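Rule-based calculations on the coordinates, nothing more; no lab input. Computed from a predicted model, the values in this text were never measured in an experiment. Here the Cβ positions follow ideal geometry from the backbone for every residue, glycine too, while neighbour counts run over all protein chains shown.
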Amino acid sequence: MANWNDPRATAAGIPTSATEMDAAVDAGLRSYMLSVYNYMASGVLLTGIVAMLFSRWDGAEALLFGPGPMKWVIMLAPLAFVMVLSFGIHKLSTAAAQALYWVYAAVMGLSMASIFFVFTGTSIAQTFFATAAAFLGLSLYGYTTKRDLTGMGTFLIMGVIGILVAMLLNAFIFQSGALAMAISVLGVLIFAGLTAYDTQKIKSMYFYVQGTDFVGKSVVMGALTLYLDFVNMFTFLLNLLGSRE
């Protein structure tokens, strides 16, 4: 069989061989994942900046730990944004999804400011860098492994639900330090697993959304997913190892 390329395809820049197609897919995937990581890292940075600035405001401690309803608004507002993005992503435009993500990261910073009144600055910084190192390793594993991590997903999600229930019970009924420590250990392990699992899932999602109008929104949702994995792993690790004021 003759080996030939359509000159119209070559002129148009369309890949004309399996090697060129693989290279194009690899380049597109790298660009897609880089966008996800950039959004995720920028969101974490925005949250950290807002948290530090808000914690330095004279009225922040009273607002976050006082008897008024505002502490509940600040605590629950991030959940509202996550729900809007998760359940309304198909109805939102890409620009609206991006805007909601940035607002969510900022509002999350208001909620995260409470850690500056509970833990020392040194332990917060140490835990942050430890979490960042662990996140990079786990996400790299999820991106490069040939093992299918899909089976982990159900068990990890069940684990998240389990620790949420345990946290509520411990907060309002048991108030046990030992149970709080066990929850923190499980939380770190569960969100470590989710980091690898979600990275692989986001990578796989690229092959479904490439060339569609959903790519931009998929990047936002991928960034939000990894952001939640990072912040939750950081929070549980801080509760476990952080030095209190």
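Enumerate the whole-percent occupancy of each 10 Å bin, from 0 to the last occupied one, for all C-alpha pair distances of the stretch 25-241. Taking every Cα pair in the stretch 25-241, the percentages come to 8, 30, 38, 19, 5, 0. Restricting to Cα pairs below 8 Å that are 6+ residues apart, what does the relative contact order work out to for the chain? Please round to a whole percent. Relative contact order here is 29 percent.
For the residues Met33, Met158, Met233, a GNM of the chain with alpha-carbon springs under 10 Å puts the largest fluctuation on Met158. When Thr127, Thr94, Thr199 are sorted by how many other C-beta atoms sit within 10 angstrom of their C-beta, beginning with the fewest, the order is Thr94, Thr127, Thr199.
The lysine pair tally for the chain, using Cα distances under 21 Å and a gap of 8 or more places or different chains, is 5.
Annotation: the residues Met205, Met112, Met52, sorted from fewest to most other C-beta atoms within 10 Å of their own C-beta, follow the order Met52, Met205, Met112. For the chain, the longest principal axis of the alpha carbon atoms and the long axis of helix 177-209 meet at an angle near 20°.
Dividing the summed -39500 (n - 2.57) terms of all DSSP H runs of n ≥ 4 by the residue count of the chain sets its mean residue ellipticity at 222 nm at -27500 deg cm²/dmol. Here the translational diffusion coefficient of the stretch 95-219 follows from Stokes-Einstein with Rh set to the Kirkwood radius across Cα pairs; for 4 °C and 1.567 mPa s it amounts to 75 µm²/s. Considering only Val220, Tyr39, Leu237, and ranking their Cα positions along the charge dipole of the chain that arises from unit charges at the beta-carbon of Lys, Arg, Asp and Glu, the one farthest toward the positive end is Leu237.
Cβ-to-Cβ counts within 10 Å put Tyr141, Tyr39 in ascending order as Tyr141, Tyr39, the fewest first. With a cut-off of 20 Å, note down the residues of the stretch 123-166 whose backbone N falls inside the zone around a label point 7 Å from the Cα of Met83 toward its beta carbon. Within reach of a label on Met83: 158, 160-166. If you line up the long axis of helix 18-55 against the longest principal axis of the chain, both from Cα atoms, how many degrees apart are they, to the nearest 10? With rounding to tens, the tilt is 20 degrees.
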